[in-house]
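Have a look at the structure below, then the notes.
The values are calculated or read from the model by the stated rules, or taken from the named source; none is laboratory data. All values reported here derive from a predicted model rather than from experimental measurement. Don't worry about glycine lacking a Cβ; one is built from the backbone with ideal geometry, like all the others, and counts go over all protein chains shown. Each accessible area value is taken on the protein alone, full model and side chains, heavy atoms only, with ligands, DNA and RNA left out. Shrake-Rupley method; radii C 1.70, N 1.55, O 1.52, S 1.80 Å.
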Amino acid sequence: MGIVNVTPDSFSDGGVNLDAAAAAAAARRQLAEGAAIVDVGGESTRPGAAAVTLDEELRRVVPVLEAIAGEVPVSIDTAKAEIARRALALGAELVNDVTALRGDPDLAGVVADAGAYLCLMHMQGEPRTMQADPRYDDVVGDVKAFLEERLAAATAAGIDEAKVCLDPGIGFGKTVEHNFELVRRLGELTGLGRPIVIGFSRKSSLGRILGDPQATTGPLPASLAVAVAAYERGATIIRAHDVREHVEALTAARAVGA
């Protein structure tokens, strides 16, 4: 899953794709580099990020979706029902909701009515405050229980369970140790029976284990190492900024494991 953030303030590529033409070009490039789907988002969810209005989010993403409609398989990264409705009408196939259907009471119905795919992500708190002091009794057990409950809520709302994938939310209300524990014990999450999405690409935890306690991003080699580790532990979808490099790394890992 490639990433195209149509935002001025995303943690790694904020501003790079704020122009609709640049964002559309990035989506096409990621498809050519081997992405199976491209995740387009108009609201940053980095730690400390402020909310974006519906009108502003629409202004950012609709021109991009219109430009790549019919060309690029699209996931829409949003928690807003109206954004999802417009994106699905423009050909998006998957709704990637960081709130796991808790942010907008109408979103589940939009997904169900469209027969769309859905990604449910775990987040402790909200982007503005989630990294203040995240605590868990057992991070993997707590995340697993949350995802199981949200999966049940989605299916109760009429969403086909076969179209739901689950994301433990690396960096969303987690310490460095929590993030690596989730990958280390990923088998416990795959036990839920749904595809698991891992988004560790360029996350600050990668920079911090390399010796920079103030890191806000992580380097590509570290991103690739964790992607391969997650794949080997059963992750189905790797969400990545650097598509070509991840495709190459995962192709080699698959060849070794074949």
Computed over the range 52-116, Kirkwood Rh from alpha-carbon pairs, angstrom
11.7 Å
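What length, rounded to one decimal in nm, is gained on full extension from residue 59 through to residue 253, with 0.36 nm per residue of separation minus their alpha-carbon distance?
Values: separation 194, 0.36 × 194 = 69.84 nm, distance 3.99 nm.
Between residue 59 and residue 253, full extension yields an extra 65.9 nm.
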What fraction, in whole percent, of alpha-carbon pairs in the range 78-230 exceed 22 Å separation?
43 percent
Answer check: the range 160-206, Cα atoms, Kirkwood Rh, Rg/Rh ratio of 1.00
Under the Karplus relation 6.51 cos²θ - 1.76 cosθ + 1.60, θ = phi - 60°, what is the ordered set of whole-Hz ³J(HN,Hα) values for the range 244-251, x standing for Gly and Pro?
4, 5, 5, 4, 5, 5, 6, 4
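Could you tell me what a quarter of the Cα convex hull surface of the range 131-187 works out to, in nm² with one decimal place?
Numbers: hull surface 17.4 nm².
So the Cα hull casts an average projection of 4.4 nm².
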FRET efficiency for residue 50 and residue 102 from the Cβ-Cβ distance with R0 = 22 Å, rounded to 0.05, comes out at 0.75
Where a ≥ b ≥ c are the square roots of the eigenvalues of the C-alpha gyration tensor, would you call the range 1-131 rounded, which needs a/c under 1.5, or, failing that, prolate if a/b is larger than b/c, or oblate?
oblate
Per residue, how many Å² of accessible area does the range 68-124 show with a 1.4 Å probe?
35 Å²
Please list, ordered by chain and number, the residues whose modelled amide H lies under 5 Å from the amide H of residue 100; skip anything fewer than 5 residues away on the same chain.
121
Separation of the residue 113 and residue 19 label points, Cα + 7 Å toward Cβ, nm
3.7 nm
Got a sec to turn the phi values of the range 24-34 into Karplus ³J(HN,Hα) couplings, 6.51 cos²θ - 1.76 cosθ + 1.60 with θ = phi - 60°, whole Hz, x for Gly and Pro?
5, 5, 5, 5, 5, 5, 5, 4, 5, 7, x
I need the Kirkwood Rh of the range 176-258: take the reciprocal of the average 1/r across all distinct C-alpha pairs and report it in angstrom.
13.0 Å
Given H placed 1.01 Å from N in the peptide plane, which residues other than close sequence neighbours of residue 35 have an amide H under 5 Å from its amide H?
none
At 37 °C and 0.692 mPa s, what whole-number value in µm²/s does Stokes-Einstein give for the translational diffusion of the chain, with Rh from the Kirkwood sum over Cα pairs?
181 µm²/s
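How large is the helix-only mean residue ellipticity at 222 nm for the chain, computed as the sum of -39500 (n - 2.57) over DSSP H runs with n ≥ 4, divided by its residue count, in deg cm²/dmol to the nearest 500? All intermediate terms of the calculation are to be shown ahead of the outcome.
Values: 10 runs with 111 residues, N = 258.
Calculated mean residue ellipticity at 222 nm is -13000 deg cm²/dmol.
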Please state the equivalent ellipsoid semi-axes for the range 69-163: what are the square roots of 5 times the Cα gyration tensor eigenvalues, largest first, in whole Å?
25, 15, 11
